[in-house]
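Bear in mind these aren't lab numbers, they're just calculated from the coordinates by the rules spelled out. None of these values were measured; they are calculated from a predicted model. Here Cβ is always computed from backbone atoms with ideal geometry, including for glycine, and neighbour counts include all displayed protein chains.
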Amino acid sequence: MSVTNTSGRRKTAVARIYLKDGAGAITVNGKDHKEYFPTLPLQYIVNQSLEVSELTGRYDITVNVQGGGVKGQAEAVRLAIAKAIVELDAEKKPALRAKGLMTRDNRMVERKKPGRAKARKKFQFSKR
């Protein structure tokens with residue numbers, strides 16, 4: 001089997017993954033995914049697509065991820081893995097979609113507006 005290449009995004013995080021047959025090793029930016037994402041909730045997010053499609057331990061995944069925070073990066077990796085699984089086997093798509101793993105969450109930070117403290121917050125108003 002050749003290498004399947006997909007990408008996933010969340011907020012400003014972008015994850016590019018390379019999926020190939022193997023023993024189930026997930027490498028993120030040159031480190032093991034358990035070292036890169038040290039907490040259990042983040043590790044669960046990364047493995048969620050594989051668990052839903054019942055493919056845990058069948059593929060080696062190499063991930064390059066940049067931008068955003070740790071949670072955004074984990075969710076970007078999750079989307080990229082889900083897209084790669086669907087590319088290999090289209091029959092897995094309904095199960096992944098039912099869990100909401102095929103949907104790109106497009107919520108981004110709203111930009112700061114001129115004359116405001118932040119995007120919507122106003123400067124303190126003084127009547128006198």
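Be a star and scan region 66-96 for residues whose amide nitrogen sits under 11 Å from the point 7 Å along the Cα-to-Cβ vector of Thr12. Counting only backbone N, you get 67-69. Is region 1-65 rounded, prolate or oblate when judged by the Cα gyration tensor, a ≥ b ≥ c being the square roots of its eigenvalues, rounded requiring a/c under 1.5 and prolate requiring a/b larger than b/c? Verdict is rounded for region 1-65. Loop-located GluC sites (Glu not before Pro) in region 1-96 (DSSP state not H, G, I, E or B) with no more than 12 neighbouring Cβ atoms inside 10 Å: Glu54. Counting lysine pairs in region 4-98 whose alpha carbons fall under 15 angstrom apart, excluding pairs fewer than 8 residues apart on the same chain, gives 5. Using the Karplus relation 6.51 cos²θ - 1.76 cosθ + 1.60 with θ = phi - 60°, the per-residue 3J(HN,Hα) values for region 91-106 come to 6, 7, 4, x, 5, 5, 5, 4, 8, x, 8, 9, 9, 7, 7, 8 Hz, with x marking Gly and Pro.
Neighbour counts of C-beta atoms inside 10 Å place Arg9, Arg111, Arg104, Arg128 in the sequence Arg128, Arg111, Arg104, Arg9, starting with the fewest.
Full extension of the chain segment joining Glu51 with Lys20 gains 9.5 nm, where the gain is 0.36 nm per residue of separation less the Cα-Cα distance. With respect to the chain, whose longest principal axis is taken over its alpha-carbon atoms, helix 70-88 is tilted by about 40°.
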